[in-house]
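Let me begin by presenting the structure, written as structure tokens, before commenting on it.
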Amino acid sequence: MKTMFYSVATAAMLAFASPAMAADAAAPAAAAPAGGSNLIAIVNIQQVMREATAAKSVREQLENKQKSYQTEIAKKEEALQKEDQDLNKKRSVLSKAAFDEKAAAFRKKATDVQKEVQSKKATLDGGFEHALNDIQKVVTDVIADLAKEKGFSVAVPTSQILYGDPKLDISDEVLKRLNQKLPKLDVKFEAPADVKDATAPLPAAQ
């Protein structure tokens, strides 16, 4: 019986890499200030998300949690490989019925671990997504405050323009205020409800 677990579980865990906190947040189109000003500001969102202390703390937490998960899965993977090898050695001495029973039990264990891998990956993905949304919300609030103070009506990510006068760039001020408002962010690692339901044990038969 070939090992049915190793390649799937390992690939699933290694496929997850802590996402780069550099996605462009949607810069807000702030309400136009009195006087009808049409000033535009530009923001290097990638730089802000890369250098923000909160984003750095999120990346560190994700990397630590991923390593912890990989260690857990590696131990279970090793145990399954050993059990698979032992079962193959006993195949010639077991009756067909006994072997089939043990093989079925082994397949269930492997399937359970695969589900655990999927759940852990979903937990990492969900934690990152929620953390990113929290940071982006503060970035939006910071830019909106700057719009009122500086009198610009639109803020545009630098990734969406070919050229912008450096005088219009508010990235440094956004980063400074973001770090003041949100110096650190604790990531909530919770498996999505649909994953919890999929991995939950079936109720015992009445």
Residue pairs meeting the criteria (Cβ under 7 Å; at least 6 apart or on separate chains; first touching a residue at least 40 places away in the same chain (Cβ under 8 Å), in segment 171-189; second surrounded by 18 or more Cβ atoms within 10 Å (Cβ to Cβ) and in a loop (DSSP other than H, G, I, E, B)): 171/44; 175/52; 178/52; 179/52
message: Just to verify a result, which residue in segment 151-170, among those that are surrounded by 15 or more Cβ atoms within 10 Å (Cβ to Cβ) and of a type in the set (Gly, Ala, Ser), is farthest from residue 141 (Cα to Cα)?
response: 164
message: Out of 63, 83, I need the residue that is surrounded by 14 or more Cβ atoms within 10 Å (Cβ to Cβ) and either within 20 Å of the chain's Cα centre (by Cα) or farther than 20 Å from residue 139 by Cα (or both). Which one?
response: 83
- prompt: Only one residue in 121, 115, 148 is among the basic types (Lys, Arg), buried (at least 16 other Cβ atoms within 10 Å of the Cβ) and part of a helix (DSSP H, G or I). Which one?
  reply: 121
- prompt: Taking the stated definitions as given, is residue 49 at pLDDT 50 or above, closer than 26 Å to residue 180 by Cα, of a type outside the set (Ser, Thr, Tyr) and not in a helix (DSSP H, G or I)?
  reply: no
- line: Considering segment 38-60, residues that are aliphatic (A, V, I, L, M) and under 13 Å from the mean Cα position of the chain (by Cα), and then whichever is farthest from residue 165 (Cα to Cα), we arrive at 58
Residue 93, sole failed condition from (1) in a helix (DSSP H, G or I); (2) surrounded by fewer than 17 Cβ atoms within 10 Å (Cβ to Cβ); (3) of a type outside the set (S, T, N, Q): (1)
- prompt: Name the pairs whose Cβ atoms lie under 6 Å apart, with the first residue in segment 100-127 and more than 14 Å from residue 188 (Cα to Cα), the second of a type in the set (Gly, Ala, Ser) and surrounded by fewer than 17 Cβ atoms within 10 Å (Cβ to Cβ), and 6 or more positions between them or separate chains?
  reply: 117/12
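The values are calculated or read from the model by the stated rules, or taken from the named source; none is laboratory data. Everything numeric here is computed off the predicted structure, so don't read it as measured data. Ideal geometry is used to build each Cβ from the backbone, glycine not excepted, and the neighbour counts take in all protein chains shown.
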